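The values are calculated or read from the model by the stated rules, or taken from the named source; none is laboratory data. Everything numeric in this text was worked out from a predicted model, so none of it was measured. Cβ sites come from the backbone with ideal geometry, for glycine too, and all protein chains shown count toward neighbours. Note: areas computed on protein heavy atoms with side chains; ligands, DNA, RNA excluded. Shrake-Rupley method; radii C 1.70, N 1.55, O 1.52, S 1.80 Å.
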Amino acid sequence: MELAIGIILGCCALGAGICMGIGAIGPGIGEGNAVSKACEAIGRQPESKSAVTSTMIMGCAIAETTGIYSLVIAILLIFVAPNIMVNILKSAIGL
Amino acid sequence: MKNKELRFKIVDVLLLALIILPLVAGLVIKVLFSAPAEGISITGAQIYFTIPMPIQNFPVTEAQVNSLLVVFCILGICLYMTHGVRAGVPTRRQALAEWAVETLESMVHENMGPFFSGFAPFIAGILALSALSSLLSLLGLFAPTSDVNIVAGWAILVFILITYYKLKGGLLNYMKSFTEPIFVLLPLNILSEVATPISMAFRHYGNVLSGSVIAVLISTALAGLSNLVLGWLPGVLGEFPLLRIGLPGILSLYFDVFSSCMQAYIFAMLTMLNISGGFPQDLYEERKRRKAEKRAAREKNAISNS
């Protein structure tokens, strides 16, 4: 019983870590691309700085979405999933 | 003249109280209902009380109460800003209110086109509600936007609006738009249609929640660190988490102030773009024209018959 609960908790933590780690790659690359292009645009046309900056922040926030999804999954795995899993285990054993 | 000025000031103070009272009420309710917490913990919205219902009990949570309080607060702000509006030389707060209204109207007009100019109050409502709900965490209250139910409610409302304006081009055209560019993409199109409200809700909720989670984690870590470094000092000095001063405040400036305003802006922006982007302008105009022609023909028939 203790072993099973330990495995559940460990797997939840591991899953959350892997989820966040892999999920952060995509938004990181995407936002880096966006910011580099924005810097280029500002360098070419310094007078359009405010428009470029606001558009870039907007685009960055939207590119962040997939990262936020993985964050939500990670938070669920850490704070919500262990309780549910342990309860399922207990009811399956019949405690 | 003096009497009038006095009355104006009294109403002013009452309106200011209407702004501040909901926030105070939120704090008082939180203090009254919340159980004494042990240490720092990350929990969802607290359930104040449950109303028994036939099918399932209806829990009244912190998030619902706080979002209602925010609504009253916004009402107070609107009344206060527009109190004493006069033509001619504007007062200071009238100038501010006019600036806000004009900015929002021009924003809506720019992003949604002239057909949706009437949407400015709705967009302003969403923007204010979302921004103030997130900023509520500055007072130590539970931000309603870090509960997925509240944000999902707004997202579903926006989804209904999107579908309504898509249906204005005719039911058949709406169904046909799912099979474009080819019929095989039907399931994917349905999936992407359903994903719109889900992604809007999760984007907003995830950003606000991540801010609060990171803030709690960092302040816990700093308390532990200061216990480790300064724990050998005698008495109060050792127990006081000295390292916790400063850094959480700076983080809160980003996560609570910048991020919440940003998310509110993005939510409003996506609402505008989704509603105006899904609306088939040419189909709607064609349908309207055909309807008008039909009606004219019918009237002609009626006239010739009689």
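Computed quantities for the displayed model
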quantity: Of the criteria (1) more than 10 Å from chain A (Cβ to nearest Cβ); (2) more than 16 Å from the chain's Cα centre (by Cα); (3) free of Cβ contacts under 8 Å to residues at least 60 places away in the same chain; (4) open to solvent by less than 30 Å² (accessible area, probe 1.4 Å), which one B:P197 fails; calculated: (2)
quantity: Filter pass, B:S260 being part of a helix (DSSP H, G or I) and within 14 Å of chain A (Cβ to nearest Cβ); calculated: yes
quantity: Selection status of B:L217, away from chain A (no Cβ under 14 Å), assigned to a helix (DSSP H, G or I) and either without any contact (Cβ under 8 Å) to a residue 40 or more places away in the chain or on the phi < 0 side of the Ramachandran plot (or both); calculated: no
quantity: Unique match (being over 24 Å from B:N111 (Cβ atoms), among the small types (G, A, S) and either in contact with a His (Cβ under 9 Å, 6 or more places away or on another chain) or within 12 Å of chain B (Cβ to nearest Cβ) (or both)) among A:G94, A:G17, A:G23, A:G32; calculated: A:G23
quantity: Test: residue in segment B:154-170 that is within 14 Å of chain A (Cβ to nearest Cβ), under 23 Å from A:I62 (Cβ atoms) and under 20 Å from the mean Cα position of the chain (by Cα); calculated: yes
quantity: One residue from B:K176, B:K166 being among the charged types (D, E, K, R) and open to solvent by less than 60 Å² (accessible area, probe 1.4 Å); calculated: B:K166
quantity: Qualifying position, being part of a loop (DSSP other than H, G, I, E, B) and touching a residue at least 24 places away in the same chain (Cβ under 8 Å), among B:F202, B:F115, B:F119, B:F142; calculated: B:F142
quantity: Count of residues meeting criterion [out of contact with any Leu (no Cβ under 6 Å at 6 or more places or on another chain), closer than 30 Å to A:P82 by Cα and part of a helix (DSSP H, G or I)] in segment A:5-53; calculated: 20
quantity: Of all residues in segment A:70-84 being within 14 Å of A:G17 (Cα to Cα) and open to solvent by 20 Å² or more (accessible area, probe 1.4 Å), the one that is farthest from the other protein chains (Cβ to nearest Cβ); calculated: A:L77
